[in-house]
Amino acid sequence: MLDAFPRVSLLSGQTPLEPMVRAGAHAGHSQLWVKRDDCMPLAFGGNKLRNLEFWLGQALERNSDLLVIAGAAASNQVRLTAAAAARIGLECLVLYAGSDSSPMHSNRLLTEMMGARICYLGQVDEAERSRLASDAVAKLAAAGRRPYLVGDPVIGALGYVNAARELYEQAVAAGVDLRHIVLPGSMGVTEAGMILGAAMLDLPWTFHLVSVEYVAEELKALIGAILMDLCRLIDFRPAYDMLERVQIHMDQLGAGYGIPTDASIEACRLFARLEALMLEQTYVAKTFAGLLSCLGRGDIPSHEAACIVHTGGTPAMFSLGIAPSCAADT
């Protein structure tokens, strides 16, 4: 059903599905698994590479000669857009919120290293940043360029429709009857794609979304809107209300987006010690803390197999003030 959509291959194959034996023993659950979307070939990898396969497919189909991406200096999506542009030989224009005098973030450093042209928008909110990005694309087009603005959530979500099938096939090959999938709850692109992919395969998966950014009602609305547009795009009619199989957990948000909590710092330490997994604080550590919380409350029964998706973001661990907070006590 997705064959009709252009796609640029950025992955070298399936990302690993690994058992978390020691973490499972610690948590009293014998069937814990992790989908390693942090293990990808470009620029430390991460979930946005799956989105970019379809964004770049559309860009090349339109004969675009320039990728335009807007975001914060800490953005994983910006880093991976620069990486994908470098791999396929397209120019990349990055529009960063903030100024060039802001402290250097590891993702910004990598983006610069990969040759992206960077402009700074000043202190703007998300809505203003989006408006300025659209204005920049219009000016480039008027000047004779063929820009492609990266970020359409519906096209990007196709990457995780594919990922759901990949995870299912890996679970079958491993003899695992997956019942629970744990994901960060953020902009809804990864979440909606995976939820729709499971519905297309009629899988008995319950999704646990650990909010790292939005209140539950707003997150649910974001995902619902993307799901509706996805169904229209691929002409799919689900047999059930897909959001009925989604649980949104708000207990890890703490003081807000990008602000570590005691639980996320402890999760960072714990999974490093037990599974050698590296968890950045904005998305991944809070999601792993949410997994532990779900297990502790019984939201995920101890006899039902569960998989958490590690969405990457590893370079953020090396930015000043993040990695030291997760280091083991000495």
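Taken together, the values in this text are just the output of simple stated rules run on the coordinates, not laboratory data. Quick caveat: nothing in here was measured; it's all calculated off a predicted structure. So basically every Cβ, Gly included, is an ideal-geometry build from the backbone, and we count neighbours across all protein chains shown.
Compared with the dominant Cα axis of the chain, that is its longest principal axis, helix 126-142 is turned about 40°. Taking each residue as 0.36 nm, the span from VAL215 to ALA174 lengthens on full extension beyond its C-alpha to C-alpha distance by 11.2 nm.
The slack between LEU109 and PHE5, meaning 0.36 nm per residue of separation minus the straight C-alpha distance, is 34.2 nm. Working from label points 7 Å from Cα in the Cα-to-Cβ sense, the CYS119 to ALA255 distance is 3.5 nm. For the chain, a crude dipole built from +1 on the beta carbon of Lys and Arg and -1 on the beta carbon of Asp and Glu, taken about the Cα centre, is about 600 debye to the nearest 20. Counting charges near ALA82 (Lys, Arg +1; Asp, Glu -1) among other residues having Cβ under 12 Å from its Cβ returns a value of +3.
When each of the peptides 270-281, 109-120 is scored by the mean number of other C-beta atoms lying within 10 Å of its residues, the order from highest to lowest reads 270-281, 109-120. Entry note, the chain: relative contact order of 21 percent, from Cα contacts under 8 Å with a spacing of 6+ residues. Of all DSSP-defined beta bridges confined to the chain, some 15% are antiparallel rather than parallel. Helix 48-61 and the longest principal axis of the C-alpha atoms of the chain enclose an angle of approximately 30°. For the chain, the longest principal axis of the Cα atoms and the long axis of helix 153-174 meet at an angle of about 30 degrees.
Our estimate of slack between ALA141 and ARG273, defined as 0.36 nm per intervening residue step minus the Cα-Cα distance, is 42.4 nm. Considering only alpha-carbon pairs that sit under 8 angstrom and 6 or more positions apart, the relative contact order computed for segment 80-123 is 53 percent. Under 28 Å of direct C-alpha separation, and excluding same-chain neighbours fewer than eight residues apart, LYS35 reaches these lysines: LYS48, LYS220, LYS286. Per-peptide packing, taken as the mean over residues of other Cβ atoms within 10 Å, places 152-160, 62-70, 169-177 in the sequence 152-160, 62-70, 169-177 from highest down. If a/c stays under 1.5 just call it rounded; otherwise compare a/b with b/c (prolate if a/b is bigger, oblate if not). Do that for the chain, with a ≥ b ≥ c from the square roots of the Cα gyration tensor eigenvalues. Judged from the Cα gyration tensor, the chain comes out oblate (a/c at least 1.5, b/c at or above a/b). Its relative contact order, with pairs defined as Cα atoms under 8 Å and 6+ residues apart, puts segment 138-202 at 44 percent. Once backbone amide H atoms are built at 1.01 Å from N, THR206 has HIS180, ILE181 as its partners under 5 Å, excluding neighbours fewer than 5 places away on the same chain.
VAL172 sits among other residues whose Cβ lies under 12 Å from its own Cβ, and their net charge, with Lys and Arg +1 and Asp and Glu -1, is -2.
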